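Novice: Sharing a structure below in structure tokens format, with a few things to ask.
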Amino acid sequence: MMQSVSRLSYIVLLVSVAWLGCKPGNQPKSIEVHDPATQKLTETYEELNGLKHGVRKLYDTSGKIIAIEHYRQGLFDGPYESYYPGGQSKEKGQYQNDQMTGTWQYFFENGKTKEELTFANGVEEGPAKEFYDNGQLSASGQYKAGMEDGLWKFFFTNGNLQQESNFTSGNKEGLQTFYDSATGKVIKKEEYKNGRPARYEQHNNPQN
């Protein structure tokens with residue numbers, strides 16, 4: 001008898017959960033937004049209890065998708081990607097609880113990577129790289145709390161080292177070294193203290 005009661009209770013519980021899951025208020029509904037003047041589709045999104053919840057797509061005037069976003073209970077949460085008019089990826093990354101997180105990539109219209117940034121809690125935190133539109137690295141360094149921090153390296157379009165700069169909380173600090181684009185030899189050095197230039201050396205005969 002007890003087994004029958006337990007089985008019945010279990011079945012009732014399953015039915016109750018299924019019924020709650022099927023209530024209209026617990027199911028996202030699809031929304032379409034049209035331009036009032038042209039009646040062209042400008043966006044589609046899913047809504048749950050009055051909040052964006054799920055996928056949102058934005059369209060340009062020709063009907064092409066220009067961005068795909070993901071939401072959870074009204075907040076950005078999940079993958080994000082935007083596009084150039086030709087359909088090439090413009091930027092892509094991830095949101096968590098309405099904050100940018102992890103690695104974000106930005107692209108030139110030719111498809112080459114423009115920037116790679118690392119985010120935590122919505123601000124730059126960690127490795128960063130910048131590129132020329134030919135794919136050559138133009139800068140690399142680190143961010144801390146949204147500001148340049150530590151050693152940054154900058155490069156000429158030919159790939160040779162252009163400059164090495166040290167940063168503290170977004171300000172130049174310590175030695176800054178500049179190089180000749182053809183020979184790679186040192187042509188200038190600067191010393192910064194408390195974010196201000198303190199010493200300067202010009203090398204008329206570039207050093208090794």
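A short reminder: the numbers here are calculations on the coordinates, not readings from a lab. Everything numeric in this text was worked out from a predicted model, so none of it was measured. In this analysis, Cβ positions are derived from the backbone assuming ideal geometry, glycine residues included, and neighbour counts consider all displayed protein chains.
Novice: Which value in deg cm²/dmol, rounded to the nearest 500, describes the helix-derived mean residue ellipticity at 222 nm for the chain, given -39,500 (n - 2.57) per DSSP H run of n ≥ 4 and division by the residue count?
Specialist: Calculated mean residue ellipticity at 222 nm is -3500 deg cm²/dmol.
Novice: Another question, then. Computed FRET efficiency, Cβ-Cβ of VAL123 and GLU32, R0 41 Å: what is it to the nearest 0.05?
Specialist: FRET efficiency, VAL123 to GLU32: 0.75.
Novice: Under 17 Å from the 7 Å Cα→Cβ point of LYS40, by amide nitrogen: which residues of the stretch 79-112?
Specialist: Residues 83-87 fall inside that zone.
Novice: Which label marks the calculated value of semi-axes √(5λ) of the Cα gyration tensor in Å, given the options (1) 85, 25, 13; (2) 53, 24, 14; (3) 28, 27, 15?
Specialist: Structure-derived value, by its label: (2).
Novice: Now for a separate question. What size of dipole, in debye to the nearest 20, comes out for the chain about its Cα centre when the only charges are +1 on Lys and Arg C-beta atoms and -1 on Asp and Glu C-beta atoms?
Specialist: Using only the charged Cβ atoms, the result is roughly 320 debye.
Novice: Right, something else. Starting from the Cα of GLN163, step 7 Å along the direction of its Cβ; do the same at TYR84; then give the gap between the two resulting points in nm.
Specialist: Between GLN163 and TYR84, the simple spin-label model gives 2.7 nm.
Novice: Where does helix 2-22 land angle-wise versus the long Cα axis of the chain, in degrees 0 to 90, nearest 10?
Specialist: The angle comes out at about 60 degrees.
Novice: Further, regarding this structure: Give me, ordered by chain and number, the residues 5 or more places off GLU124 or on other chains with an amide H under 5 Å from its own placed amide H.
Specialist: GLY146
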